[in-house]
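K.L.:
First the structure, which I've put down as structure tokens, then a few questions once you've had a look.
Rule-based calculations on the coordinates, nothing more; no lab input. Source: prediction; values computed, not measured.
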Amino acid sequence: MTLYLFYILSFVAILSGLMVVFSKSPVYSVLYLIVTFFAIAAHYVLLNAQFLAAVHIIVYAGAIMVLFLYVIMMLNLNKEVEPHKPIAVKFAAVIAGGILLITLVGAMRSTQSLSKAENVNSQIGLIENLGTVLFRDFLLPFEISSVLFLAAMVGAVMIAKKDKN
Amino acid sequence: MSAIQVVPIHFYILLSAVLFSIGVLGVLFRRNAIIILMCIELMLNAVNLLLVAFSSYMSDAAGQVFVFFIMAVAAAEVAVGLAILMMIFRNTKSTDIEFLNKLKH
């Protein structure tokens, strides 16, 4: 049952990932990307990472994708005609992506297989455990990421501001 | 029953490799800068999925905390990237990356 669920979710993720690349309109790309994110969030639930699944949906589907949709709406990019790369470049892109995939799979095949987990701790992805680890072992990176957010916020506002002259 | 006991870790590595390759393919394939940003998000998500898979299989919570940080960095990256994109659009009236080859000429 879980294996079939894994196959279905992987199929949905890969198919909608391909549709992100190949769909004509940017709005459809955003919508397909949201489908991919939901499939990945379901994978997180399958992997006992419930807290990350919730955060993933809130951050990606709720914040980042809305930002993308806002920008597409403001730039009025919802046009069917859009410049495309020449066929030769597209062909080269597909070849390059395929070669990268083959390289990654080949690197995976040369590794020793990790045996299936025996004494699994299914409580690892719950918010209590993650919060303990985050605020005990990773307190400094957590604080630094707040500085990063402040810098990103100021930077985004500064860049997107209209010039006076 | 969770996926850890049923699905081998190789399946997750394979899925992440495919998603990452789709992201790379999209960056090389398209000219629209917004779609390229989306494909970068796809690549980040492939890496996140692999980190969560390894974290669950090894019963180590540190991997999931890393994913948390990657999400924070991705959010900041998208905010700044889209702001840059807005400014490019204001100056060139297009999101086509082929216009941005001033360094080449």
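K.L.:
Which three extents, in whole angstrom, do the alpha-carbon atoms of segment B:3-99 cover along their principal axes, largest first?
P.N.:
Sorted from largest, the Cα extents of segment B:3-99 read 53, 25, 13 Å.
K.L.:
Further question on the same structure: So what's the protein assembly as shown giving for Rg/Rh, alpha carbon basis, Kirkwood Rh from the mean inverse pair distance?
P.N.:
Taking Rg over the Kirkwood Rh, I get 0.99.
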